[in-house]
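The values are calculated or read from the model by the stated rules, or taken from the named source; none is laboratory data. This is a predicted model, so every value here is computed, not measured. We place every Cβ from the backbone using ideal geometry, glycine too, and count neighbours over all the protein chains shown.
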Amino acid sequence: MTDELKVESDEPGWEVDPDDEWGVAVIATVGRQLKLRRESAGMKAGEFGKAIGYGEDLVYKVEGGKRIPQPGYLDNADRVLGAGGLVSAMKADVAKVRYPKKVRALAELEAKAVEIALYESHIIAGLLQTREHARAVIGAAQPPYSPDDVERMVSARLARQSIFERSPSPALSFVLEEGVLRRPIGGTMVWRQQLERLLEVGRLHNVVLQVMPMNCDTHSGLDGRIELLKFADGAAVGRSDGPFNGRPITEPKDLRILELRYGTIRAQALSPRESLAFIEQLLGEA
């Protein structure tokens with residue numbers, strides 16, 4: 001094996017979650033299919049690994065269902081094995097498995113929602129985070145996550161941002177705290193990039209971005225984050241800290257309470273235009 005071959009340490013964040021039964025089953029099936037095709041082609045693991053640019057040990061782990069193959073791994077395998085696109089086609093299922101089960105469930109809801117409203121009290125909403133900011137936030141957790149887990153969670157968070165590419169576009173509303181925007185998580189450069197990302201998203205035609213100023217003498221969001229998702233069929237689901245303890249909410253009377261709180265918070269926050277001007281001012285100070 002040469003130094004040019006990718007080994008496990010080159011690609012963190014691709015471990016299979018043993019508690020994700022569906023994910024384990026998918027990766028085991030993919031690995032078994034790859035092994036059968038390799039053996040049918042008369043290639044040994046080391047030879048195959050060299051041909052696709054990966055180390056022999058990583059090949060064994062993928063084929064044994066212990067490692068999630070990256071898209072490049074599957075594309076190279078498809079080419080080397082002459083699979084005519086059948087191996088590359090596995091990327092869709094593999095991509096879903098890569099992310100934690102809880103995040104997959106959230107991403108599926110967000111992908112179906114026609115309206116999303118989110119107030120965050122302590123962080124910048126995950127849908128708005130840059131990769132570097134997300135890595136700094138997740139990496140600061142105590143007890144700390146392993147490097148593999150950090151990368152896995154960062155990738156999962158960013159994958160949810162495909163919502164901005166949907167057509168038709170969902171209506172998105174965010175309210176963020178001024179104090180959160182002033183905290184240079186990850187350092188000055190990461191902070192500047194995050195503020196620039198907020199300005200970029202805040203100018204999208206389907207996005208309303210607002211800032212809750214610190215000098216607001218009335219604040220209806222002191223119980224913590226609020227999330228509301230509405231769907232095309234009229235159904236809705238919400239989550240909130242405080243009395244609702246972050247559990248999913250579908251009862252109409254409880255959803256009305258969350259809508260009232262969120263509407264009040266929006267009214268107390270800076271207007272969208274004032275909010276973008278405020279972020280621009282912060283960026284100028286950075």
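Hey, among ARG239, ARG192, which residue is closer than 28 Å to ALA140 by Cα, basic (Lys, Arg) and assigned to a helix (DSSP H, G or I)?
Numbers: ARG239 fails: assigned to a helix (DSSP H, G or I).
The conditions single out ARG192.
In segment 146-165, is there at least one residue being free of Cβ contacts under 8 Å to residues at least 40 places away in the same chain, within 18 Å of the chain's Cα centre (by Cα) and part of a loop (DSSP other than H, G, I, E, B)?
Yes, the conditions are met somewhere in segment 146-165.
Of (1) surrounded by fewer than 19 Cβ atoms within 10 Å (Cβ to Cβ); (2) without any contact (Cβ under 8 Å) to a residue 60 or more places away in the chain; (3) not assigned by TED's automatic domain parsing to the domain that holds ASN206, VAL80 satisfies all except one. Which?
Among (1) surrounded by fewer than 19 Cβ atoms within 10 Å (Cβ to Cβ); (2) without any contact (Cβ under 8 Å) to a residue 60 or more places away in the chain; (3) not assigned by TED's automatic domain parsing to the domain that holds ASN206, the lone unmet condition for VAL80 is (1).
Please state which of the following conditions ALA92 fails to meet, knowing it meets all the rest: (1) surrounded by 14 or more Cβ atoms within 10 Å (Cβ to Cβ); (2) closer than 20 Å to GLU151 by Cα; (3) not β-branched (Val, Ile, Thr).
ALA92 satisfies every listed condition except (1).
Per-residue answers, yes or no, for (1) under 19 Å from VAL154 (Cα atoms); (2) among the aromatic types (Phe, Trp, Tyr); (3) at pLDDT below 90:
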| position | (1), (2), (3) |
| --- | --- |
| LYS6 | no, no, yes |
| TRP22 | no, yes, yes |
| LEU34 | no, no, no |
| SER40 | no, no, no |
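In segment 174-198, how many are farther than 17 Å from LEU118 by Cα and among the hydrophobic types (A, V, I, L, M, F, W, C)?
Number of matching residues: 5.
Within the group GLY186, GLY234, GLY224, which residue is surrounded by 18 or more Cβ atoms within 10 Å (Cβ to Cβ) and in the same structural domain as GLU120 (by TED's automatic domain parsing)?
GLY186
So ASP78 ticks every box in (1) over 21 Å from ASP149 (Cα atoms); (2) outside any loop (DSSP other than H, G, I, E, B); (3) among the acidic types (Asp, Glu); (4) modelled with pLDDT under 90 but one. Which box is left unticked?
Tallying (1) over 21 Å from ASP149 (Cα atoms); (2) outside any loop (DSSP other than H, G, I, E, B); (3) among the acidic types (Asp, Glu); (4) modelled with pLDDT under 90, ASP78 fails exactly one: (4).
Residues to consider are LEU229, LEU258; find the one that is within 25 Å of the chain's Cα centre (by Cα), part of a helix (DSSP H, G or I) and crowded, with 18+ Cβ neighbours inside 10 Å.
Every option except LEU258 fails the conditions.
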